[in-house]
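Let me begin by presenting the structure, written as C-alpha cells, before commenting on it.
The values are calculated or read from the model by the stated rules, or taken from the named source; none is laboratory data. What you are looking at is a predicted structure, and each value in this text was computed from that prediction instead of being measured. Cβ sites come from the backbone with ideal geometry, for glycine too, and all protein chains shown count toward neighbours.
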Amino acid sequence: MLKVEYIPPCDSPDCPLIRLYDFRSEDIAALRAICESLASGHRDEWMLTDEPWAQSINACRLLLRVVPDDQATPNFESCCTGCRVPFPAPGEPYVMLGSRRGWDDVRELLEPFLAGKRGFNWLAEPPDVRVLVSQQGAW
C-alpha cells in the first residue's frame, strides 16, 4: 500500500516534503493512470489519499489538481514570515498543482518504479513543498 506522509521542516534542506513510499508496482500503475487522466483532461483534480491503495500517515491528505500554468500552491499558510515554509491550513489537504504537461511529466517520472526501481524521484520542487517518490522512503 502506497504511504503518503508529510515531513515538516527539519535538519534536511529538502524538508518540508511529502513522501510517497512503501508501494507495490500496482500502486504506481494506479498513480500513473491518475496522472494520465489529469494530463489528458479527463479529470481536473484527484484526492490521492481517498484511494483504497493509498494510506495517509498522520492525517496527510494529498489532492492532485490541474492548473493552467504550473504555479505556487495558493491555499497555504506560512509557519513564519522569515522562512516562508508552506504547509496546509488545519483540515485542508496539501494540493499538488501541475499543468496538463506537468502531470504527463510526473507520469513519466513514475515509470521506473513499475520495474522495481529502488532509488527516488522528486515529483514536485519548491516553491511548493517537495514531493518525493521512493520505495523505501529514503532520499
Whichever residue in the stretch 34-54 is among the acidic types (Asp, Glu) and in contact with a strand residue (DSSP E or B) (Cβ under 6 Å, 6 or more places away or on another chain) and, among such residues, is nearest to Leu2 (Cα to Cα): Glu45
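May I ask you to verify whether Asp27 is among the charged types (D, E, K, R) and touching a residue at least 24 places away in the same chain (Cβ under 8 Å)? Break it down into steps so the answer makes sense when it comes.
On the way: among the charged types (D, E, K, R): yes; touching a residue at least 24 places away in the same chain (Cβ under 8 Å): yes.
Yes; evaluated as a whole, the condition is true for this residue.
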Enumeration of residues in the stretch 9-33 that are under 21 Å from Val129 (Cα atoms), in contact with a strand residue (DSSP E or B) (Cβ under 9 Å, 6 or more places away or on another chain) and in a helix (DSSP H, G or I): Ile28, Leu31
Some residue of the stretch 72-87 being assigned to a strand (DSSP E or B) and either at pLDDT 95 or above or loosely packed, with under 14 Cβ neighbours inside 10 Å (or both): yes
Residue tally, condition outside any strand (DSSP E or B), among the small types (Gly, Ala, Ser), at negative phi and in contact with a strand residue (DSSP E or B) (Cβ under 8 Å, 6 or more places away or on another chain), over the stretch 94-139: 3
Selection within the stretch 51-60 - assigned to a loop (DSSP other than H, G, I, E, B), crowded, with 18+ Cβ neighbours inside 10 Å and either touching a Leu at 6+ places or on another chain (Cβ under 7 Å) or of a type in the set (D, E, K, R) (or both): none
Residues within the stretch 30-42 that are in contact (Cβ under 8 Å) with a residue 12 or more places away in the chain and either surrounded by 16 or more Cβ atoms within 10 Å (Cβ to Cβ) or among the acidic types (Asp, Glu) (or both), tallied: 8
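Can you pull out every residue in the stretch 93-105 that is touching a residue at least 24 places away in the same chain (Cβ under 8 Å) and either farther than 15 Å from Leu62 by Cα or surrounded by fewer than 14 Cβ atoms within 10 Å (Cβ to Cβ) (or both)?
So the first thing to find is which residues in the stretch 93-105 are touching a residue at least 24 places away in the same chain (Cβ under 8 Å), and the list is 93-104.
Those that are touching a residue at least 24 places away in the same chain (Cβ under 8 Å) and either farther than 15 Å from Leu62 by Cα or surrounded by fewer than 14 Cβ atoms within 10 Å (Cβ to Cβ) (or both): Ser99, Arg100, Arg101, Gly102, Asp104.
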